[in-house]
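The values are calculated or read from the model by the stated rules, or taken from the named source; none is laboratory data. This structure is a prediction, so every number in the text was calculated from the model and none was measured. Ideal geometry is used to build each Cβ from the backbone, glycine not excepted, and the neighbour counts take in all protein chains shown.
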Amino acid sequence: MEAPLDTSQNPSPAMPSDRPAGTVPLNDPRTGRVRGSSAVAREREVGAVVGASRRAFPGWRALTPRERSQRLDRLAALIEEHAAAYAALERAGTGKPADEAAGEVEQAADLFRFYAWAARTQSAPAAGSFVAGHESWVRWEPIGVIGVVVPWNYPLMMATWRCAPALAAGNTVVAKPAETTPDSLLLFADHAREALGEDVVRTLPGDRETGRLLVAADVDMVAFTGSAAAGADVAARAGTKRVSLELGGNSPVVVLPDAPEDTWDELARAATYNAGQSCAVPARVITLRENYDSAVALLTDAMRERRAGRDFGPLNNADQAARYDRIVAASAAKVTATAEMTLGEGEEGGFWRPACVLADLPDDDPAVVGEVFGPLLTVQAAESVEDAVALANGVPQALAASVWTRDVAAGLDLAGRLNAGEAWLNCHLVQTAELPHGGRGSSGHGTDLSTLALHEYQRPKTITARVRLAPRFR
């Protein structure tokens, strides 16, 4: 994605790797004011933490699936027991509304419960006689130490998406939170130590250089969520290590003339969830020319009902707010509709941006081809359904999409033709632990969620034994 979900991985001139550890200021995105500081790990700290994780790996790997399952279930319980503390820490770093933060903490606990179960229900390894006189087995083994780089839009939940399957598969984890949102992962590391054991999960707070050092360290795999440019940088630095990349999206929304009546309200709600700072939020509304004017009017009305400060939070940081403003200013849209904001006392200096609709804009507009990563929807007109599909698939990102129509058969057909790893019909952002999520194209590769994610953090080993020996002659 264009937005730097994890600022620690944005390409920039290399910094001296022997720079001593220090601190960085933390801002409250609701007010823009400094709220504290966070440690910054450097080469010595990174090496020590990765080394500890590697020493913990044999013991964690040796546990039976039942034993790992019990410990992961205990970690889920600790998250639930301290849900209020986690929600408060999430809000401090992101400015999310209380209900959003609480819901995401609940999802994080649920995901660990899901993978506690999944650790015991992996598909049986292949076995059989594939060569005469021989028996073969395929074992799925953990990879080792996983370096996890976590974004600032969902600090706890995105860590959970990566850490839970990696741990269930038998790996140990070193998680590097985003520079602006280390809070909840520090508590998570404490609870992981209590539930899983010493050094099975470690947290490395820091900045861009910390992330680079982790990628280059003695880890066996890197799981990264961030921008496309940063993902390319991670892949280059990782060398021959396995890399799982979730690089965001620019989700098309194809709205047909017979769309349900609640389409516009549902899209406005999804587009402003987490202030639009989600890889899979609806971004580009595409409707047929005959319904274009009506679509713009209805969407504008729906978005004007969504108020920053009341219904959704601020952008995360000053850099992201400035980037959002540049994209909007560079847009050639002839119609720009913005909602009002409802801010509390002292919040005027925060990184708030109103819900916004951009229409009558070219197909190569900056707000169309790039991921805006804010509470904004563009509207494009298509001459036909085929043209709508071409517009939907006409950007490099391919993570998520949705189709809106009362004709279920036509909707399912359209959803299947959209280039996306996940597509919805008459809904958007509906996700659960049981269903896989992953990108294509510049949205990266790899699988999050579902039991399929276990293989993301495993590798197969084939063992073949000769069982019929030739007769011996004296």
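Could you tell me which of the residues 305, 348 is out of contact with any Asp or Glu (no Cβ under 9 Å at 6 or more places or on another chain), surrounded by fewer than 23 Cβ atoms within 10 Å (Cβ to Cβ) and either farther than 27 Å from residue 262 by Cα or assigned by TED's automatic domain parsing to the domain that holds residue 271 (or both)?
Values: 305 fails: out of contact with any Asp or Glu (no Cβ under 9 Å at 6 or more places or on another chain).
So the residue among 305, 348 that is out of contact with any Asp or Glu (no Cβ under 9 Å at 6 or more places or on another chain), surrounded by fewer than 23 Cβ atoms within 10 Å (Cβ to Cβ) and either farther than 27 Å from residue 262 by Cα or assigned by TED's automatic domain parsing to the domain that holds residue 271 (or both) is 348.
Which residue pairs have Cβ atoms under 6 Å apart, sit 6 or more places apart or on different chains, and have a first residue in the range 158-170 that is among the basic types (Lys, Arg) and a second that is outside any helix (DSSP H, G or I)?
Here the result reads 162/148; 162/223, each pair linking the range 158-170 to a residue that is outside any helix (DSSP H, G or I).
Any idea which of 318, 270, 295, 216 is of a type in the set (Gly, Ala, Ser), in contact with a strand residue (DSSP E or B) (Cβ under 9 Å, 6 or more places away or on another chain) and more than 21 Å from residue 331 (Cα to Cα)?
Details: 318 fails: more than 21 Å from residue 331 (Cα to Cα); 295 fails: more than 21 Å from residue 331 (Cα to Cα); 216 fails: in contact with a strand residue (DSSP E or B) (Cβ under 9 Å, 6 or more places away or on another chain).
Among 318, 270, 295, 216, only 270 is of a type in the set (Gly, Ala, Ser), in contact with a strand residue (DSSP E or B) (Cβ under 9 Å, 6 or more places away or on another chain) and more than 21 Å from residue 331 (Cα to Cα).
Can you find, within the range 27-58, the residue that is surrounded by the most Cβ atoms within 10 Å (Cβ to Cβ) among those that are assigned to a helix (DSSP H, G or I), in contact (Cβ under 8 Å) with a residue 60 or more places away in the chain and not aliphatic (A, V, I, L, M)? Can you show your working first?
Initially, the range 27-58 is screened for residues assigned to a helix (DSSP H, G or I), giving 43-58.
So of that shortlist, the ones also in contact (Cβ under 8 Å) with a residue 60 or more places away in the chain come out as 43, 45-47, 49-57.
Applying the additional criterion that residues be not aliphatic (A, V, I, L, M) yields 43, 45, 47, 51, 53-55, 57.
Details: 43: 18, 45: 18, 47: 14, 51: 14, 53: 26, 54: 18, 55: 13, 57: 21.
Filtering the range 27-58 for residues that are assigned to a helix (DSSP H, G or I), in contact (Cβ under 8 Å) with a residue 60 or more places away in the chain and not aliphatic (A, V, I, L, M), the one surrounded by the most Cβ atoms within 10 Å (Cβ to Cβ) comes out as 53.
Among the residues of the range 59-88, what is the count of those that are outside any helix (DSSP H, G or I) and crowded, with 17+ Cβ neighbours inside 10 Å? Break it down into steps so the answer makes sense when it comes.
First pass over the range 59-88, keeping only residues outside any helix (DSSP H, G or I): 63-64, 82.
Adding the requirement that they be crowded, with 17+ Cβ neighbours inside 10 Å leaves 63, 82.
Summing the residues that are outside any helix (DSSP H, G or I) and crowded, with 17+ Cβ neighbours inside 10 Å in the range 59-88 gives 2.
In the range 234-279, what residues are charged (D, E, K, R) and in contact with a helix residue (DSSP H, G or I) (Cβ under 6 Å, 6 or more places away or on another chain)?
Our first condition is that a residue be charged (D, E, K, R); within the range 234-279, this holds for 237, 241-242, 246, 258, 261-262, 265-266, 269.
Hits for the range 234-279 are 237, 265.
Which strands (runs of 3 or more DSSP E) does the range 383-473 wholly contain that include 1 or more residues that are modelled with pLDDT under 95? Steps first, answer last, please.
Numbers: elements: 400-404, 422-425, 458-466.
Strands (runs of 3 or more DSSP E) meeting the threshold: 458-466.
Answer yes or no: is there a residue in the range 327-336 that is outside any loop (DSSP other than H, G, I, E, B), within 18 Å of residue 382 (Cβ to Cβ) and more than 28 Å from the chain's Cα centre (by Cα).
Pass one, the range 327-336, residues outside any loop (DSSP other than H, G, I, E, B): 327-330, 335-336.
Checking which are within 18 Å of residue 382 (Cβ to Cβ) leaves us with 335.
If we keep only those that are more than 28 Å from the chain's Cα centre (by Cα) too, we end up with 335.
Looking through the range 327-336, at least one residue is outside any loop (DSSP other than H, G, I, E, B), within 18 Å of residue 382 (Cβ to Cβ) and more than 28 Å from the chain's Cα centre (by Cα).
Among 342, 338, which is touching a Cys at 6+ places or on another chain (Cβ under 6 Å), among the hydroxyl-bearing types (Ser, Thr, Tyr) and not assigned by TED's automatic domain parsing to the domain that holds residue 32? Step through it out loud before you land on a result.
On the way: 342 fails: touching a Cys at 6+ places or on another chain (Cβ under 6 Å).
That would be 338, the only listed residue that is touching a Cys at 6+ places or on another chain (Cβ under 6 Å), among the hydroxyl-bearing types (Ser, Thr, Tyr) and not assigned by TED's automatic domain parsing to the domain that holds residue 32.
Could you please give the count of residues in the range 280-330 that are touching a residue at least 60 places away in the same chain (Cβ under 8 Å), over 30 Å from residue 34 (Cα atoms) and among the basic types (Lys, Arg)?
Final tally of qualifying residues: 2.
Sort through 148, 138 and tell me the only one that's among the β-branched types (Val, Ile, Thr), surrounded by 22 or more Cβ atoms within 10 Å (Cβ to Cβ) and outside any loop (DSSP other than H, G, I, E, B). Before you say what the answer is, go through the steps one by one.
Numbers: 138 fails: surrounded by 22 or more Cβ atoms within 10 Å (Cβ to Cβ).
Matching residue, one of 148, 138: 148.
Give me a count of the residues in the range 214-233 that are at pLDDT 95 or above, in a helix (DSSP H, G or I) and closer than 19 Å to residue 442 by Cα. Spell out the reasoning first.
Kept after step one, since they are at pLDDT 95 or above, are these residues of the range 214-233: 214-224.
Next cut, in a helix (DSSP H, G or I) only: 214-216.
With the extra rule that they be closer than 19 Å to residue 442 by Cα, the set shrinks to none.
Total meeting the criteria: 0.
Among the residues of the range 60-98, what is the count of those that are of a type in the set (Val, Ile, Thr) and farther than 22 Å from residue 350 by Cβ?
2
Starting from the range 66-93, take each residue that is assigned by TED's automatic domain parsing to the domain that holds residue 200 and modelled with pLDDT of 95 or more and list its partners that are of a type in the set (Lys, Arg) and not in a helix (DSSP H, G or I), counting only C-beta distances under 8 angstrom and pairs at least six apart or across chains.
Short answer, once both residue conditions are applied: 66/120; 69/120; 90/96; 92/35.
Could you check, for the range 254-266, whether at least one of its residues is in contact with a Leu (Cβ under 8 Å, 6 or more places away or on another chain) and small (Gly, Ala, Ser)?
No, the conditions are met nowhere in the range 254-266.
Mind counting the residues in the range 102-129 that are farther than 16 Å from residue 72 by Cβ, of a type in the set (A, V, I, L, M, F, W, C) and at pLDDT 90 or above? First the steps, then the outcome.
Applying the first criterion (farther than 16 Å from residue 72 by Cβ) to the range 102-129 yields 102-106, 123-129.
Remaining after also requiring of a type in the set (A, V, I, L, M, F, W, C): 102, 105, 124, 126-127.
Remaining after also requiring at pLDDT 90 or above: 102, 105.
Going through the range 102-129 one residue at a time, the tally reaches 2.
Which of the residues spanning the range 424-471 are of a type in the set (Val, Ile, Thr) and either farther than 30 Å from residue 61 by Cα or within 14 Å of the chain's Cα centre (by Cα) (or both)? Outline the logic, then answer.
Within the range 424-471, the subset of a type in the set (Val, Ile, Thr) is 430, 432, 447, 451, 462-464, 467.
Within the range 424-471, 430, 432, 447 qualify.
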